[in-house]
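Asker: Supplied in structure tokens, the structure appears directly below.
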Amino acid sequence: MAIFRDIQGTLQPFWVTLRTLFKKPVTYQYPEQKRTPFPRYRARIVLTRDPDGGERCVACHLCSAACPVDCISMQAAEAPDGRRYAAWFRINFARCIYCGLCTEACPTLAIQMSADYEFCKRDPLSFVYEKEDLLIADGGKDSTYDFYRHAGIGVVNPRGKGDDEFGPVDPKSLMP
């Protein structure tokens, strides 16, 4: 049986090659015909806005901590109403490997990957994008999500008065 498995393991890759050898290749005439990427395609990173039009980024530094090549940097600031935001946000796309770990780490859905794959430049310094270059007008993939309303932060609602929050629990009521 081991010989049959070895022969099958040797011939199977050749069968895949022979099967695709005689198919007609699909060629896109690139500048005129643009490919539509798959829905989960990860390309350029963008910063999104919440439904009220404000920035979603709260400068928690989780995206820069999750980045394996350390291409994201930012500075935190606080608005007069107590809301945190990024004073400046910078991504070096010359170093970015488009792994998507920054989008997975973002708790506010502020940083997302778009399907825009057309950005090519000769100067490596022109790949450094600032916050103004990254901000888009809409909420990205989930335009209805609002971090401050969902999390119950004291900026929009008083603490404990959010939609998903309950008031304080008396610990003595939990006794059997």
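The values are calculated or read from the model by the stated rules, or taken from the named source; none is laboratory data. Since the structure is predicted, the reported quantities are computational estimates derived from the model, not experimental observations. Cβ: placed from backbone, ideal geometry, glycine included. Neighbour counts: every protein chain shown.
Asker: Note down all Cβ pairs under 8 Å where the first residue falls in region 125-138 and is within 15 Å of Gly54 (Cβ to Cβ), the second is of a type in the set (Lys, Arg) and buried (at least 16 other Cβ atoms within 10 Å of the Cβ), and they're at least six residues apart or on different chains.
Answerer: Final answer for the pair search is Lys131/Arg90; Leu135/Arg49; Ile136/Arg49; Ala137/Arg49; Asp138/Arg49.
Asker: With the condition kept exactly as written, say whether any residue in region 19-27 is within 30 Å of Cys96 (Cα to Cα) and either modelled with pLDDT of 85 or more or among the charged types (D, E, K, R) (or both). Give the steps one after another, and end with the answer.
Answerer: First, the residues of region 19-27 that are within 30 Å of Cys96 (Cα to Cα): 26-27.
Subsequent filtering for residues that are either modelled with pLDDT of 85 or more or among the charged types (D, E, K, R) (or both) retains 27.
Looking for residues that are within 30 Å of Cys96 (Cα to Cα) and either modelled with pLDDT of 85 or more or among the charged types (D, E, K, R) (or both), one finds at least one in region 19-27, hence yes.
Asker: Just name the residue that is nearest to Gln33 (Cα to Cα) out of those in region 102-130 that are surrounded by 18 or more Cβ atoms within 10 Å (Cβ to Cβ) and not polar (S, T, N, Q). Spell out the reasoning first.
Answerer: Taking region 102-130 as the starting set, the residues that turn out to be surrounded by 18 or more Cβ atoms within 10 Å (Cβ to Cβ) are 102-103, 106, 108-113, 129.
Okay, now just the ones that are also not polar (S, T, N, Q), so 102, 106, 109-111, 113, 129.
Values: Cys102: 31, Cys106: 34, Leu109: 32, Ala110: 31, Ile111: 29, Met113: 23, Tyr129: 28 Å.
Going through the qualifying residues, I end up with Met113.
Asker: Looking only at region 53-74, which residues are aliphatic (A, V, I, L, M) and not in a loop (DSSP other than H, G, I, E, B)? Even if it seems obvious, please write down each step before you answer.
Answerer: Filtering region 53-74 down to residues aliphatic (A, V, I, L, M) leaves 58-59, 62, 65-66, 69, 72, 74.
Within region 53-74, Leu62, Ala65, Ala66, Ile72, Met74 qualify.
Asker: Ok, one more. Applying the selection to region 77-108, what residues are more than 24 Å from Ser126 (Cβ to Cβ) and in contact with a Lys or Arg (Cβ under 6 Å, 6 or more places away or on another chain)?
Answerer: Glu78, Thr108
Asker: If you go through region 132-146 one residue at a time, how many are part of a loop (DSSP other than H, G, I, E, B), surrounded by 12 or more Cβ atoms within 10 Å (Cβ to Cβ) and either in contact with a strand residue (DSSP E or B) (Cβ under 7 Å, 6 or more places away or on another chain) or not hydroxyl-bearing (Ser, Thr, Tyr) (or both)? Give the derivation first.
Answerer: Going residue by residue through region 132-146, those that are part of a loop (DSSP other than H, G, I, E, B) are 136-146.
Next, only the ones that are surrounded by 12 or more Cβ atoms within 10 Å (Cβ to Cβ) stay: 136, 139-141, 143, 145-146.
Pick out the ones that are also either in contact with a strand residue (DSSP E or B) (Cβ under 7 Å, 6 or more places away or on another chain) or not hydroxyl-bearing (Ser, Thr, Tyr) (or both) and you get 136, 139-141, 146.
The total comes to 5.
Asker: Looking at (1) in a loop (DSSP other than H, G, I, E, B); (2) hydroxyl-bearing (Ser, Thr, Tyr); (3) over 30 Å from Glu165 (Cα atoms), which is the one condition that is false for Tyr129?
Answerer: Of the numbered conditions (1) in a loop (DSSP other than H, G, I, E, B); (2) hydroxyl-bearing (Ser, Thr, Tyr); (3) over 30 Å from Glu165 (Cα atoms), the odd one out for Tyr129 is (1).
Asker: When region 1-50 is examined, which residues are found to be surrounded by 10 or more Cβ atoms within 10 Å (Cβ to Cβ), not aliphatic (A, V, I, L, M) and not in a helix (DSSP H, G or I)?
Answerer: Result: Lys34, Arg35, Pro37, Tyr41, Arg42, Arg44, Thr48, Arg49, Asp50.
Asker: Within region 75-124, which residues are touching a residue at least 40 places away in the same chain (Cβ under 8 Å), assigned to a strand (DSSP E or B) and polar (S, T, N, Q)?
Answerer: Correct list: Gln112 only.
Asker: Additional query: crowded, with 19+ Cβ neighbours inside 10 Å and under 13 Å from the mean Cα position of the chain (by Cα) - does that describe any residue in region 69-78?
Answerer: Scanning region 69-78 turns up at least one residue that is crowded, with 19+ Cβ neighbours inside 10 Å and under 13 Å from the mean Cα position of the chain (by Cα).
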